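First up is the structure itself, then whatever we jot down about it.
The values are calculated or read from the model by the stated rules, or taken from the named source; none is laboratory data. Keep in mind that this is a model prediction, so the values were computed, not measured. In this analysis, Cβ positions are derived from the backbone assuming ideal geometry, glycine residues included, and neighbour counts consider all displayed protein chains.
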Amino acid sequence: MATDLVTVNLQPLGKTVTVNRGTSLVDVLHEYGVEFPCGGKGICGNCRVKLLRGELKADRNQQERLGKLHLSDEWRLACFCAVDSDVTLEIAQLESIILADNTPFDFCPGNGCGIAIDVGTTTLVAQLLDLQTGAVLDVVTALNPQTRFGSDVISRIQSGLEGNAGAMCRLIREKTGEMIVSLLAGRSVEVSKIVLVGNTAMHHLFGGLDLAPLSFFPFESPSLSAQSFTPDELDWKIPGRPTVTFFPSIGSFVGSDILAGIAATRMTERQEFTVLIDLGTNGEIACGNRDGVLCASTAAGPAFEGASISQGMRAATGAISSVTSGNVGLCCTVIGNTAPRGICGSGLVDAMDVLIEGREIGEFGEILSGEEKLLLQHPVYLSQQDIREFQLAKAAVATGVSILLSHLGITFSQVDQVFIAGGFGNYLRAENLVKTGIVETDASKIVKVGNTALIGAKMFLFEEPGHADQIRRKTSHLNLESDPLFQEIYIEKLQLY
Ligand code: FES
């Protein structure tokens, strides 16, 4: 007997909700902050969802409206739909939480099409490019299906060593293959190259490489080089015979996502010193110029992505993204202009700035009133533990940059620009990065550069592999903990003022 309950899997949120058969999608999506700008008249198309799995009926009226909005068969208008069976949907309005990119860059035209894929620990972005014109033809985003085995690289490596490496390898190959199929659906294009970039754990998991060397001192894997595959080897059912390359890592905890970031920001071509800080799930940093770049990974953890914060969330609808002090307490801005559900990285940095400035938090991070938590906007609080998580993350980044600069023999005053990469940077106020001590320089030097891993991966599509090797040869990896002053500097950087 058919049950009266069905499941709706919402991407890219990665959430599955169970509802009564026949429930309207408006009721389901409203809960997640999705808006219906034309009031459900089928005119604006802003409520569109892509049907990834299952069935969602589109009657003649809806089909006509989809046609007028130039939306293909896989799309539905949520304001017209009810759920009658288990479905997986990609919600267009929530796509912006994964940072795709359309930054222009210089390139030498090639032939056919190419696909660039940023394999993040949390999120995946794939773009299809016309190699003749450089135009981005389509983009697909998804959550990394490995998240069920742990949210950060350390837990992913641990889980791999406990016997789940094969499953994670299969999942990521399947998911990226599906993304490519979806990019190519309805197109007769010839793909000649596919470039993947990601951190070293993602590189090893995708390639089916031994994770053990990433798990113990001195954390030196012998398998950092580029991994090449044929689509058949990956079990990808795609036309043609494109070359598929997962680009090489720089070190055990600095992957090709940072190599791509260095390419995107052209750090190794500049005379001036620049710093690149990627505040994704892992905090990686690079400092240098055309004479050489030093890279390191910090133990920042995922605080800036909201993961280790009790009411933390990614920069999606319902997240407090900015906090200022008003006449009668704190003023919070919530993404999607809806009731707050949590706080994302930029909101956390802003909140810390306001609370430090108002002397509600002491120099060692203690809540001065003695309370256990501080209200931002009902029902969102920052707890004492959240403040500790922020301190650990900010100290890790500040210590890392300080050590790299000292190894280069320079100070921050000699740095021309500080590039902040990653989705976190989107909503961020540069001056609060400075005021909270995450970046110890002038706010005017801070440049938000978006998803540099994806930008660099796209650039690699147009270049000979030798270009990435050149960058790699100019780049060295430093183990921060091996610096004799690490502990001393780290403890100093934990202080908030
Ligand atoms: S809300 Fe405008 S088309 Fe659905």
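Structural remarks
- Only one of the numbered conditions (1) away from the ligand (no atom under 12 Å from the Cβ); (2) without any contact (Cβ under 8 Å) to a residue 40 or more places away in the chain; (3) over 25 Å from Ala339 (Cβ atoms) is violated by Trp75, and that is (1).
- Restricted to the stretch 52-72, and to residues there that are among the hydrophobic types (A, V, I, L, M, F, W, C) and within 12 Å of the ligand (Cβ to nearest atom), the residue that is nearest to the chain's Cα centre (by Cα) is Leu71.
- Some residue of the stretch 36-51 being more than 16 Å from the ligand (Cβ to nearest atom) and assigned to a loop (DSSP other than H, G, I, E, B): no
- Selected residue (only one of Gly312, Gly318, Gly329, Gly292 is of a type outside the set (A, V, I, L, M, F, W, C) and buried (at least 23 other Cβ atoms within 10 Å of the Cβ)): Gly312
- Yes/no for Thr121 being outside the structural domain of Glu55 (by TED's automatic domain parsing), surrounded by 22 or more Cβ atoms within 10 Å (Cβ to Cβ), within 17 Å of the chain's Cα centre (by Cα) and part of a loop (DSSP other than H, G, I, E, B): yes
- Within the stretch 24-35, tally of residues that are more than 12 Å from the ligand (Cβ to nearest atom) and buried (at least 18 other Cβ atoms within 10 Å of the Cβ): 3
- Note on the stretch 249-287: residues that are part of a strand (DSSP E or B), crowded, with 24+ Cβ neighbours inside 10 Å and not β-branched (Val, Ile, Thr) amount to 7.
- Whichever residue in the stretch 130-185 is touching an Asp or Glu at 6+ places or on another chain (Cβ under 8 Å) and closer than 14 Å to Gly208 by Cα and, among such residues, is surrounded by the most Cβ atoms within 10 Å (Cβ to Cβ): Arg173
- Matching residues in the stretch 1-24 - criterion: being aliphatic (A, V, I, L, M) and at pLDDT 75 or above: Leu5, Val6, Val8, Leu10, Val17, Val19
- Any hit, the stretch 198-219, residues being part of a strand (DSSP E or B), modelled with pLDDT of 95 or more and surrounded by 22 or more Cβ atoms within 10 Å (Cβ to Cβ): yes
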